[in-house]
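Chemist: What follows is a structure written as structure tokens; I'll ask about it next.
The values are calculated or read from the model by the stated rules, or taken from the named source; none is laboratory data. Because the structure is predicted, anything quoted here is derived from the model rather than measured. For neighbour counting, all protein chains shown are included, and Cβ atoms are generated from backbone atoms with ideal geometry for every residue, glycine included.
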Amino acid sequence: MTVYAMYFSPTGTTRKIAEAMASRLAELKTPGKAFQTIDFTLKNKREGEPATFTDGDWVVFGLPTIAGRVPNVLLKYLDTLKGNGATAVSLVLYGNRAYDDSLIELSDILTNKGFWVAAGAAFIGEHSFSKTLAQGRPDEEDLVTARAFAGQIAAKLLAEGAGSEKGALPVSVKGNRPYRDYYRPKDKNGNTVDIRKVVPLTLDICTDCKKCVSVCPMDSIDHEDPKKMVGICIKCGACLKVCPVEAKYYDDENYLKHKRELEEELTDRKQPELFV
């Protein structure tokens with residue numbers, strides 16, 4: 001009978017919302033009992049025994065949106081989940097462009113793994129490519145919204161007869177089935193480009209502090225020489241944002257064009273979308 005915040009959050013944006021919601025849910029479901037955290041951001045946390053829940057558990061399950069979808073590098077891990085009838089809140093964070101089909105895809109995954117998805121939400125976080133796009137989000141206004149939304153979810157779940165709803169379909173969220181293809185940026189000629197193989201480079205000002213090594217969710221930065229990449233890069237931005245001397249950077253023309261377009265075009269403050 002536990003409330004969990006479970007998330008993949010390389011730069012901490014998803015973590016902030018998931019924990020804010022789980023904290024409020026725990027206050028209302030089990031006063032005096034704190035929520036528990038399952039952080040599967042780092043590769044070694046996605047190995048070993050699968051995460052298993054029980055019918056009485058509530059799980060706020062958070063992921064960042066990558067290219068408009070659930071990060072495909074996580075699909076194998078997500079397939080190991082064992083919901084066993086636990087109640088879930090499907091949560092995605094996106095960088096002020098769009099969350100496309102990530103929320104409906106995550107909700108479907110959780111349903112297929114034995115969770116009852118009672119609510120869903122799409123919040124905004126500082127974009128992984130940028131330090132100015134949706135800068136500082138989620139901010140205090142977002143956290144207030146997250147806690148208030150958790151109150152709405154708890155009211156639904158604690159209402160008399162709410163348990164009988166577990167036989168019903170999960171909450172309806174925005175998105176398409178079949179899911180749209182992964183979002184791809186375009187080059188200067190309007191042709192779609194593939195930036196999956198683009199990796200960060202490192203300036204000589206690197207101090208070898210290895211903070212970038214410690215935050216890489218794919219364990220793709222060499223532990224002995226942080227200037228070397230030894231695995232794939234998902235462009236999560238964690239290594240760039242944690243570097244104290246800003247030694248990490250990208251130089252790919254198409255990546256930089258896309259980053260510039262996002263920063264110039266997406267200046268409006270988008271608001272969370274909530275489904276309960």
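Chemist: Among helices (runs of 4 or more DSSP H) lying entirely in the range 199-276, which contain 1 or more residues that are closer than 23 Å to residue 184 by Cβ?
Modeler: Values: elements: 211-215, 238-242, 253-265.
The helices (runs of 4 or more DSSP H) meeting that bar are 238-242, 253-265.
Chemist: Residue check: is residue 53 touching a Gly at 6+ places or on another chain (Cβ under 9 Å), farther than 28 Å from residue 95 by Cα, crowded, with 22+ Cβ neighbours inside 10 Å and in contact (Cβ under 8 Å) with a residue 12 or more places away in the chain?
Modeler: Yes; evaluated as a whole, the condition is true for this residue.
Chemist: Check residue 129 against each of (1) of a type in the set (Phe, Trp, Tyr); (2) farther than 27 Å from residue 56 by Cβ; (3) crowded, with 24+ Cβ neighbours inside 10 Å and name the one condition it does not meet.
Modeler: The one condition residue 129 does not meet is (3).
Chemist: Still on this structure, I have one more. Name the single residue that is nearest to the chain's Cα centre (by Cα) among those in the range 1-48 being surrounded by fewer than 20 Cβ atoms within 10 Å (Cβ to Cβ), closer than 28 Å to residue 219 by Cα and small (Gly, Ala, Ser).
Modeler: If we take residues in the range 1-48 being surrounded by fewer than 20 Cβ atoms within 10 Å (Cβ to Cβ), closer than 28 Å to residue 219 by Cα and small (Gly, Ala, Ser), then 12 is nearest to the chain's Cα centre (by Cα).
Chemist: Conditions first: (1) hydroxyl-bearing (Ser, Thr, Tyr); (2) without any contact (Cβ under 8 Å) to a residue 40 or more places away in the chain; (3) buried (at least 20 other Cβ atoms within 10 Å of the Cβ). Residue 192 passes all but one, so which condition is the exception?
Modeler: Result: residue 192 fails condition (3) only.
Chemist: Name the residue that is surrounded by the most Cβ atoms within 10 Å (Cβ to Cβ), counting only residues in the range 86-126 that are hydrophobic (A, V, I, L, M, F, W, C) and part of a helix (DSSP H, G or I). Lay out the reasoning, then the answer.
Modeler: Here is the first cut: in the range 86-126, the residues hydrophobic (A, V, I, L, M, F, W, C) are 86, 88-89, 91-93, 98, 103-104, 106, 109-110, 115-119, 121-124.
Then drop every residue that is not part of a helix (DSSP H, G or I), which leaves 103-104, 106, 109-110.
Working: 103: 24, 104: 23, 106: 28, 109: 20, 110: 23.
Ranking the candidates gives 106 first.
Chemist: Those residues that are in contact with a Phe, Trp or Tyr (Cβ under 9 Å, 6 or more places away or on another chain) and either at pLDDT 95 or above or surrounded by fewer than 12 Cβ atoms within 10 Å (Cβ to Cβ) (or both), I need them from the range 137-163; list them, please. Even if it seems obvious, please write down each step before you answer.
Modeler: Narrowing the range 137-163 to residues in contact with a Phe, Trp or Tyr (Cβ under 9 Å, 6 or more places away or on another chain): 137-138, 142, 145-146, 153-154, 157.
Matches in the range 137-163: 137, 138, 142, 145, 146, 153, 154.
Chemist: On to the next question. Quick one: residue 49 ticks every box in (1) among the charged types (D, E, K, R); (2) modelled with pLDDT under 95; (3) touching a Lys or Arg at 6+ places or on another chain (Cβ under 6 Å) bar one, so which box is it?
Modeler: If we test residue 49 against (1) among the charged types (D, E, K, R); (2) modelled with pLDDT under 95; (3) touching a Lys or Arg at 6+ places or on another chain (Cβ under 6 Å), just (3) comes out false.
Chemist: So, residue 153, is that one hydrophobic (A, V, I, L, M, F, W, C) and more than 18 Å from residue 11 (Cβ to Cβ) or not? Before you say what the answer is, go through the steps one by one.
Modeler: Details: hydrophobic (A, V, I, L, M, F, W, C): yes; more than 18 Å from residue 11 (Cβ to Cβ): yes.
Criteria met by residue 153.
Chemist: Name the pairs: first residue in the range 64-81 and more than 24 Å from residue 126 (Cα to Cα), second residue part of a loop (DSSP other than H, G, I, E, B) and of a type in the set (Phe, Trp, Tyr), Cβ to Cβ under 8 Å, at least 6 apart or on different chains?
Modeler: 77/40; 81/115
Chemist: Okay, moving on. So, of the residues in the range 68-85 that are in a helix (DSSP H, G or I) and among the aliphatic types (A, V, I, L, M), which turns out to be nearest to residue 156 (Cα to Cα)?
Modeler: Keep residues of the range 68-85 that are in a helix (DSSP H, G or I), which gives 72-78.
Filter once more, keeping what is among the aliphatic types (A, V, I, L, M): 73-75, 78.
Details: 73: 33, 74: 30, 75: 30, 78: 26 Å.
Only one residue tops the list, namely 78.
Chemist: Taking the criterion of being more than 21 Å from residue 275 (Cβ to Cβ), β-branched (Val, Ile, Thr) and out of contact with any Asp or Glu (no Cβ under 8 Å at 6 or more places or on another chain), would at least one residue in the range 37-50 satisfy it? Walk me through how you get there before you give the answer.
Modeler: Quick first cut of the range 37-50, residues more than 21 Å from residue 275 (Cβ to Cβ) only: 37-50.
Subset that is β-branched (Val, Ile, Thr): 37-38, 41.
In the following step, the residues that additionally are out of contact with any Asp or Glu (no Cβ under 8 Å at 6 or more places or on another chain) were identified as 38, 41.
Yes: the range 37-50 contains one or more residues that are more than 21 Å from residue 275 (Cβ to Cβ), β-branched (Val, Ile, Thr) and out of contact with any Asp or Glu (no Cβ under 8 Å at 6 or more places or on another chain).
Chemist: Return the residue satisfying two criteria in turn: it lies in the range 225-276 and is over 22 Å from residue 196 (Cβ atoms) and of a type in the set (D, E, K, R), and of such residues it is surrounded by the most Cβ atoms within 10 Å (Cβ to Cβ).
Modeler: Top of the filtered list is 270.
Chemist: Determine if the range 164-179 includes at least one residue that is closer than 20 Å to residue 251 by Cβ, outside any loop (DSSP other than H, G, I, E, B) and either modelled with pLDDT of 95 or more or of a type in the set (Gly, Ala, Ser) (or both). Before the answer, list the steps.
Modeler: Taking the range 164-179 and keeping what is closer than 20 Å to residue 251 by Cβ, we get none.
No.
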